[in-house]
Amino acid sequence: MDGLTWITYVGVITALIVFPGPVALLCTSHGLKFGRHRATATVLGGALASLVLMLVSALGLGAILAASETAFSLLKVVGGGYLIFLGIQAWRAGPQPPSPELDGAVPDPLAPKASIGRLFRHGFMVGVSNPKDLLFFAALFPNFIAVGEPQLMQFAILALTWLVIDTTLMSIYAAMGSGLGRWFNRPGRVKAFNRATGGLFMVAGGSLVASGH
């Protein structure tokens, strides 16, 4: 892989990752509710999900799903259902007054239960719940891999580059969410944010389920 190919790849994936999706929305939400430091666990969970999807795609599951409409539809329904479930949880979360000890974050009713491990798992499950990413990686990587060169090293470079950019941008989303904490100093605003977040998750999940038929 030459330098120009790598630079092109960086530009392409930066444009793709920066566009807010379910993981970016979750990182922003957790940054607001739990603070940017604890939301780092969410960011890392999402990054691990991307790595898993890359590896699975490289092993050929992406091609299998592309060939099997039934399996792909089933995975999309399961993934969409999980996003809808998260949306309902966010929608039903009640407002709580802000607290200064969460580095500007707005506490959530689930905050006492939101351990670092739980935030990490939450980020991972949202990231891994979209089977379309398997096909995305399967379609993206071959365009930047030189056939005549060792493919394992090239794949490692592509995957590592993706993880660095993805982690950086998702950390920015988490910091943005944390920075909004002072604005959410009224229960009504927190409730509106929870419902907006929940609505977006449900729309994303519904779209994924609908596309599975």
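Tell me yes or no: at least one residue of segment 125-142 is surrounded by 14 or more Cβ atoms within 10 Å (Cβ to Cβ), modelled with pLDDT of 85 or more, of a type outside the set (A, V, I, L, M, F, W, C) and within 17 Å of Gly21 (Cα to Cα).
Yes, the conditions are met somewhere in segment 125-142.
In segment 11-61, what residues are among the aromatic types (Phe, Trp, Tyr) and open to solvent by less than 40 Å² (accessible area, probe 1.4 Å)?
If the condition is that a residue be among the aromatic types (Phe, Trp, Tyr) and open to solvent by less than 40 Å² (accessible area, probe 1.4 Å), then Phe34 is the only one that fits.
Mind telling me which of the residues Gly181, Gly205 ends up being at pLDDT below 75, surrounded by 15 or more Cβ atoms within 10 Å (Cβ to Cβ) and assigned to a loop (DSSP other than H, G, I, E, B)?
So the residue among Gly181, Gly205 that is at pLDDT below 75, surrounded by 15 or more Cβ atoms within 10 Å (Cβ to Cβ) and assigned to a loop (DSSP other than H, G, I, E, B) is Gly181.
Would you mind telling me which numbered condition in (1) modelled with pLDDT under 70; (2) assigned to a loop (DSSP other than H, G, I, E, B); (3) open to solvent by 40 Å² or more (accessible area, probe 1.4 Å) Val106 fails?
Every listed condition holds for Val106 apart from (3).
Give all pairs with beta carbons closer than 6 Å in which a residue from segment 1-17 that is of a type in the set (Phe, Trp, Tyr) meets a residue that is open to solvent by less than 50 Å² (accessible area, probe 1.4 Å); count only pairs at least 6 apart in sequence or on separate chains.
Tyr9/Phe144
If you check Met176 against the conditions, is it modelled with pLDDT of 80 or more and open to solvent by 50 Å² or more (accessible area, probe 1.4 Å)? So that I can check it myself, show each step before the final result.
Values: modelled with pLDDT of 80 or more: yes; open to solvent by 50 Å² or more (accessible area, probe 1.4 Å): yes.
Yes, satisfied.
I need a count of the residues in segment 27-53 that are under 17 Å from Leu163 (Cα atoms) and of a type outside the set (S, T, N, Q).
Summing the residues that are under 17 Å from Leu163 (Cα atoms) and of a type outside the set (S, T, N, Q) in segment 27-53 gives 13.
Please go through segment 1-10 and give me each residue that is assigned to a helix (DSSP H, G or I) and either open to solvent by 30 Å² or more (accessible area, probe 1.4 Å) or in contact with a strand residue (DSSP E or B) (Cβ under 7 Å, 6 or more places away or on another chain) (or both), ordered by number.
Gly3, Leu4, Thr5, Trp6, Ile7, Thr8, Val10
Restricting attention to segment 1-14, which residues are hydrophobic (A, V, I, L, M, F, W, C) and modelled with pLDDT under 80?
Met1, the sole residue that qualifies.
Where residues in segment 152-173 are loosely packed, with under 15 Cβ neighbours inside 10 Å and not β-branched (Val, Ile, Thr), which of them is nearest to His37 (Cα to Cα)?
Result: Leu160.
The values are calculated or read from the model by the stated rules, or taken from the named source; none is laboratory data. Just so we're clear, the structure is a prediction, and the values are computed from it rather than from any experiment. Backbone-built Cβ (ideal geometry, glycine too); neighbour counts: all protein chains shown. Accessible surface areas use protein heavy atoms only, side chains included; no ligands, DNA or RNA. Shrake-Rupley method; radii C 1.70, N 1.55, O 1.52, S 1.80 Å.
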